[in-house]
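Enquirer: Here it is, the structure in full.
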Amino acid sequence: MARARALLLFSGGLDSMLAGKVLQAQGIEVLAVRFVTPFFHWKWRGREEEFDRVLREKYGFRGLVRDISNEYLAMLRDPPHGYGSAANPCIDCKILMLRKAREMMPEVGADFLATGEVVGQRPMSQRRNIMRHIEKEAGVSGILLRPLCARRLPPTEPEKRGLVDREKLYDFCGRGRKPQMRLAEAFGIRDYPTPAGGCVLTDPIIGERLLRLLELRGGLSVREAELALLGRHFIEEGMWLVVGRREAENRKLRELARPGDRLFRLRGVPGPTGLLVEGRGDPDRVREILKRYTPRARNLEAVELEELSP
């Protein structure tokens, strides 16, 4: 009889690692999918083979990478369940990822889906009633197993079918991390990341910037989403200027520039690069802003703009 196969939504955090190891301990084959957008896990785009190799070596999971940027940005324009504290559409984000995972199941031959979620761990998307609502909206009711808190939830189809032994699952609950840390020690996992501060979309500065851009532009392309996470931003009437804060950002701005954009720096003075999106804006205003963030130019009476080729 062929082994059961689970498609695990893998964030790279301790909970998703443990969920995979709990299933693996029952002889279940684990395929770990990492969804990527400009807002999370973007570094793995185009590095599918490396991701698979890393996960096989570290955890014994097969690793998959899927870019869901276009669907994510379409949802971000007007998430049906709204935003959280900033521009974070937590509930609709989870629905989208589960929906995409469900669509992948025939392709990869998965018998069910799994996540590392724990009841009560996150206030917006991991309350018991919200978790049930997310399952229904994503069309994954019955096929989504949460190994770390499964015994606090109704049995799922893989449990009923005998693919998974419910007695070997867990009943974790709440925001504490000690049960997970003890389980990690039992599995010999020691190099897991500490709990992060959350999604970049919860950052109040980035969140405010994104909401303003979404309102002004009616949506963002993948390239514009990447720009929104870089440097200093000056969003004024008819102008969106992005200014690099360090040389690495200056290089990235040059990489992201497209025909129609305009790139500037101050002539003869080391300092930041400014990208004028779609070329709209007053060069005098650009010069004023670049001078403000170029220490060697602040005391100069006259500085000139130099336009670079995109």
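Readers should treat all values here as calculations from the given coordinates under stated rules, not as data from a laboratory. As the structure is a prediction and not an experimental result, all values here were calculated from the model. Don't worry about glycine lacking a Cβ; one is built from the backbone with ideal geometry, like all the others, and counts go over all protein chains shown.
Enquirer: Please report, in debye to the nearest 20, how large the charge dipole of the chain is about its Cα centre when each Lys and Arg carries +1 at its beta carbon and each Asp and Glu carries -1 there.
Expert: My answer is approximately 880 debye.
Enquirer: Once the dipole of segment 14-150 is set up with Lys and Arg at +1 and Asp and Glu at -1 on Cβ about the Cα centre, which of Leu96, Ala74, Gly116 lies farthest towards its positive end?
Expert: Gly116
Enquirer: Sort 228-234, 301-307 for me by packing, meaning the mean count of neighbouring Cβ atoms within 10 Å per residue, highest on top.
Expert: Per-residue Cβ counts within 10 Å, averaged per peptide and sorted highest first, yield 228-234, 301-307.
Enquirer: Provide Thr156, Thr294 in ascending order of the number of other Cβ atoms located within 10 Å of each residue's Cβ, fewest first.
Expert: Starting with the residue having the fewest Cβ neighbours, the order is Thr294, Thr156.
Enquirer: Shifting gears a bit: Please list, in chain and number order, the residues 5+ apart from Val36 or on another chain whose amide H is under 5 Å from its amide H, with Hs placed from the backbone.
Expert: Arg66, Asp67, Ile68
Enquirer: Then there's this: Mind pulling the angle between the C-alpha long axis of helix 204-217 and the longest principal axis of the chain? Nearest 10 degrees, somewhere in 0 to 90.
Expert: So the inclination is approximately 70 degrees.
Enquirer: Using the 10 angstrom Cβ neighbour count as an exposure proxy, how do Phe10, Phe51 rank, fewest first?
Expert: With the sparsest Cβ surroundings first, the list reads Phe51, Phe10.
Enquirer: Now, a different point. Could you pull out every one of the aspartates and glutamates with an alpha carbon less than 15 Å from that of Lys21, ignoring same-chain neighbours closer than 8 positions?
Expert: Glu29, Glu57, Glu117, Asp165, Glu185, Asp191
Enquirer: Subtracting the Cα-Cα distance from 0.36 nm times the residue separation, let me have the gained length for Leu211 to Phe234 in nm, one decimal.
Expert: Answer, rounded to one decimal: 6.9 nm.
Enquirer: List the residues, sorted by chain then number, that are 5 or more residues from Arg127 or on another chain and whose placed amide H is less than 5 Å from its amide H.
Expert: Those qualifying (amide H under 5 Å, at least 5 residues apart or on another chain) are Gly120.
Enquirer: Taking the alpha-carbon distance from Lys43 and a cut-off under 17 Å, which lysines remain once sequence neighbours fewer than 8 residues away in the same chain are dropped?
Expert: Here the lysines satisfying the reach criterion relative to Lys43 are Lys252.
Enquirer: For every helix of n ≥ 4 consecutive DSSP H residues, a contribution of -39,500 (n - 2.57) applies; sum these over the chain, divide by its total residues, and give [θ] at 222 nm rounded to the nearest 500 deg cm²/dmol.
Expert: Estimated from H runs of four or more residues: -11500 deg cm²/dmol.
Enquirer: Please pull out the direction-averaged projected area of the chain, using the convex hull of its alpha-carbon atoms, in nm² to one decimal place.
Expert: Here the figure is 18.2 nm², rounded to one decimal.
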